[in-house]
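Nothing in this text is a laboratory measurement; each read-out follows from the coordinates by a stated rule. Predicted model, so just to flag it, every value in this text is computed and none were measured. Counting neighbours? That spans all protein chains shown, and the Cβs are built from the backbone with ideal geometry, glycine included.
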Amino acid sequence: MTVKVTDSSLMKEVQEGLTLVDFWAPWCGPCKMLGPVLEELEEELGSDIKIAKLNIDENQVTPGQLGIMSIPTMVLYKDGKPVEKIVGFHPKEVLKGYLQEKMTESDK
């Protein structure tokens, strides 16, 4: 199950390994489509990557700091540092391929 994070808990959750943080809002249609995709990916990819969700309506500091202008936006963190942004909805297989590539890179 994806981890719900807030402005204050985000850094604690992204400290180790790879974490994909989904910046979303309940009113966002593409965000609603992405939610189940991320749940499935977390199940399929297991403990190799953590997936977290941050509601931008309730937590506005972090999106502002990261320059997030549209949602859904996903930020990939590696050992506490944001390394890449993915903007918009992407099909499950596209995201899975991307994450598997990043997991392979992080193993090296």
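From the backbone phi of segment 40-55, what are the Karplus-calculated ³J(HN,Hα) couplings (6.51 cos²θ - 1.76 cosθ + 1.60, θ = phi - 60°) in whole Hz, Gly and Pro given as x?
Going residue by residue, I get 5, 5, 5, 5, 6, 8, x, 7, 6, 8, 9, 10, 10, 10, 10, 6 Hz, with x marking Gly and Pro.
Assuming R0 = 22 Å, can you tell me the calculated FRET efficiency for the pair residue 92 and residue 3, based on Cβ-Cβ distance, to the nearest 0.05?
0.70
Of the DSSP beta bridges with both residues in the chain, give the percent that are antiparallel, rounding to the nearest 5.
Just about 55 percent of them are antiparallel.
Going by the alpha-carbon gyration tensor, a ≥ b ≥ c the square roots of its eigenvalues, is the chain rounded (a/c under 1.5) or, if a/c is not under 1.5, prolate (a/b greater than b/c) versus oblate?
It is oblate, given that a/c is not under 1.5 and a/b is not larger than b/c.
Lysines near residue 81 by alpha-carbon distance under 17 Å, same-chain residues fewer than 8 away left out - which ones?
Qualifying lysines at Cα under 17 Å: 12, 50, 53, 102.
Please give, to one decimal in nm, the separation of the simple spin-label points placed at residue 100 and residue 12, each 7 Å out from Cα toward the Cβ.
The answer from the label model is 3.4 nm.
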